[in-house]
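Q: Got a structure for you, questions after.
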Amino acid sequence: MSLYQPPQPHAHRLVSAVLRQIHSTHYADEASPHWDAEREYSAEQVALAARELVRAVDALPEDERPIGWGTNTPKEN
């Protein structure tokens, strides 16, 4: 059994986008005239990077995807 590793360029872009989102929501300089636009833009970048990572994982052979990937079974709360 091997450890799952996500497609690296896509995973790095997602991590970078998430860090930018964290910075824009928690450490932004609200005196800047563009802080609200940066917060909105960084949120959009997270969504786009996540979509690209999902597409990259979907393109992998089935035995290289995470366990349970692609199952449509809803999780119970």
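The values are calculated or read from the model by the stated rules, or taken from the named source; none is laboratory data. Computed from a prediction, not measured in an experiment: that's the story for all the values here. Note: ideal-geometry Cβ built from the backbone for every residue, glycine included; neighbour counts use all protein chains shown. Each accessible area value is taken on the protein alone, full model and side chains, heavy atoms only, with ligands, DNA and RNA left out. Shrake-Rupley method; radii C 1.70, N 1.55, O 1.52, S 1.80 Å.
Q: Looking at (1) in a helix (DSSP H, G or I); (2) more than 11 Å from the chain's Cα centre (by Cα), which is the only condition Ser32 fails?
A: (1)
Q: Could you give every pair whose Cβ atoms fall below 6 Å, whose first residue belongs to region 24-46 and is within 26 Å of His10 (Cα to Cα), and whose second residue is modelled with pLDDT of 95 or more and among the hydroxyl-bearing types (Ser, Thr, Tyr), counting only separations of at least 6 or pairs across chains?
A: Close Cβ pairs (under 6 Å, with a partner that is modelled with pLDDT of 95 or more and among the hydroxyl-bearing types (Ser, Thr, Tyr)) amount to Ser24/Ser42.
Q: Moving to a separate point now. How about region 21-56: which of its residues are farther than 27 Å from Trp69 by Cα and of a type in the set (D, E, K, R)?
A: Within region 21-56, Asp29, Glu30, Asp36, Glu38, Arg39, Glu40 meet the criteria.
Q: Residues of region 1-19 being open to solvent by less than 100 Å² (accessible area, probe 1.4 Å) and either in a helix (DSSP H, G or I) or not hydroxyl-bearing (Ser, Thr, Tyr) (or both), which ones?
A: Pro6, Pro7, Gln8, Pro9, His10, Ala11, Leu14, Val15, Ser16, Ala17, Val18
Q: Also: Which residue is farthest from the chain's Cα centre (by Cα), if the candidates are limited to region 54-77 and must be exposed (fewer than 11 other Cβ atoms within 10 Å of the Cβ) and β-branched (Val, Ile, Thr)?
A: Per the stated criteria, the residue is Thr73.
Q: I need the full set of residues from region 35-53 which are open to solvent by 90 Å² or more (accessible area, probe 1.4 Å) and within 9 Å of the chain's Cα centre (by Cα), in order please.
A: Arg51
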